[in-house]
Amino acid sequence: MTGAAALAVVAAAALDSTFAEPPERIHPVALLGSLVDRLDRAIPDSRPVGVVIAAVVPLGFAASAAGLVALAGRAGPRLAAAVAGLVLYTCISRRLLVETAERVRSLADSDLPAARDALRALAGRDADALSAGQVRSAAVESAAENLADGLIAPLAAFTLGAAVVLGPAAPRAPAFPLVVATGAAAWIKGVNTLDSMLGYRTRRVGWAPARLDDLAMWVPARLSALLIAIAAGRPAAMLGARRWARVPDSPNSGWPMATLAAVLDVRLEKPGTYTLQAAADLPSTTAARRGVRVVNRAAWLGIALSVGCCLVVETIAAGTGVWTVG
């Protein structure tokens, strides 16, 4: 079925727009987080253990997701596409990210204590002493950062996985590209989850998960920055953001945040940790609202790009006879 991978992306985006997130009790990523938490309590804090966890846990998560699609593929490519879309839906987040960021931004003007409390769903920082401008800054920068790991990374991995359809040595099972694509999206989501839970400087066990996340997110972070610049109508903003992109400790998260700071012409800061575009002012209500909207447009651009790339790859494969689809 030509277009199966593109259909899976469309289905995932539609589910996300309709339901935002599955209930936590059945959410695969939440269940993975619970597993990692139990492991963390049982394992010693050492680098070798961290290396093993970084190698095994994301692969196990990916294998589980890919296995579901492989089983569905036995009944035909349409069911495989539907299951792939369902799994991909659990790996992405657009609606919840945008709605949470906008809620924090709105509350910063009307109920600062409530805004500080709501911010905890977006940013892992002590919000008790943050001003309204700093809360808006945190909402905007977190929206940009989470765009990369919450949406663009799994979409990029899925799209790249679907491109195995062009590999002449790949198995010719009809659902094989969907199996690989879904596994790739789940793998990078597993890597992100490990890093968010273990990848702290104070944890020796977190060294390998953090380094793996740095490698896996190199392209998605920069692609997210580019999409933000395009969504804002300022494609060159990413170039101007280079000097600030290297300020945060992470080699990746600074790119989407600095690019958004550049297109909004605002200062984004995490007190005591980093400041991006220090000469500018913290985001006003208007600037923060625009920032959330730019992130939302960038998210839709990313979805459209993924759908388009999947269609191109599958069409080329079907037209050249490299792959017999369906």
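Tabulated values for the structure
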| item | result |
| --- | --- |
| Out of V36, V29, V56, sole residue that is exposed (fewer than 14 other Cβ atoms within 10 Å of the Cβ) and closer than 22 Å to I92 by Cα | V56 |
| Any hit, region 127-137, residues being modelled with pLDDT of 95 or more, within 26 Å of R297 (Cβ to Cβ) and touching a strand residue (DSSP E or B) at 6+ places or on another chain (Cβ under 6 Å) | yes |
| Given (1) within 22 Å of N192 (Cα to Cα); (2) crowded, with 22+ Cβ neighbours inside 10 Å, number of the condition L226 does not satisfy | (2) |
| Qualifying residue in region 231-248 (condition: within 22 Å of I92 (Cβ to Cβ) and either touching a residue at least 60 places away in the same chain (Cβ under 8 Å) or touching a strand residue (DSSP E or B) at 6+ places or on another chain (Cβ under 6 Å) (or both)) | yes |
| Matching residues in region 15-59 - criterion: being in a helix (DSSP H, G or I), within 19 Å of the chain's Cα centre (by Cα) and not hydrophobic (A, V, I, L, M, F, W, C) | D16, S17, T18, E24, P28, G33, P58 |
| Residue that is at pLDDT below 90 and buried (at least 18 other Cβ atoms within 10 Å of the Cβ), where the choices are A208, A163, A185 | A163 |
| Matching entry among L96, L119 (being within 25 Å of D16 (Cβ to Cβ), among the hydrophobic types (A, V, I, L, M, F, W, C) and within 16 Å of the chain's Cα centre (by Cα)) | L96 |
| Test for D126: is it free of Cβ contacts under 8 Å to residues at least 12 places away in the same chain, in contact with a Leu (Cβ under 9 Å, 6 or more places away or on another chain) and of a type in the set (D, E) | no |
| Filter result for V9 (at pLDDT 95 or above, surrounded by 15 or more Cβ atoms within 10 Å (Cβ to Cβ), within 17 Å of the chain's Cα centre (by Cα) and not aromatic (F, W, Y)) | yes |
| Helices (runs of 4 or more DSSP H) wholly inside region 60-150 that include at least 1 residues being closer than 19 Å to I26 by Cβ and of a type in the set (K, R) | 95-110 |
| Elements of type helices (runs of 4 or more DSSP H) contained in region 240-326, each with 2 or more residues being under 21 Å from the mean Cα position of the chain (by Cα) and buried (at least 24 other Cβ atoms within 10 Å of the Cβ) | 254-264, 285-320 |
| Members of region 236-261 that are of a type in the set (S, T, Y) and under 17 Å from V295 (Cβ atoms) | S253, T259 |
| M197 vs. criteria surrounded by fewer than 18 Cβ atoms within 10 Å (Cβ to Cβ), over 16 Å from G302 (Cβ atoms) and either touching a residue at least 40 places away in the same chain (Cβ under 8 Å) or not basic (K, R) (or both) | yes |
| Leading residue by the ranking (surrounded by the fewest Cβ atoms within 10 Å (Cβ to Cβ)) among those in region 64-102 that are within 15 Å of I152 (Cα to Cα) and of a type outside the set (V, I, T) | L96 |
| Which numbered condition R74 misses (of (1) among the charged types (D, E, K, R); (2) modelled with pLDDT of 95 or more; (3) over 30 Å from E141 (Cβ atoms)) | (2) |
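The values are calculated or read from the model by the stated rules, or taken from the named source; none is laboratory data. Since we're looking at a predicted model, the values are computed, not measured. Every residue, glycine as well, gets a Cβ built from its backbone with ideal geometry; the counts of neighbours run over all protein chains shown.
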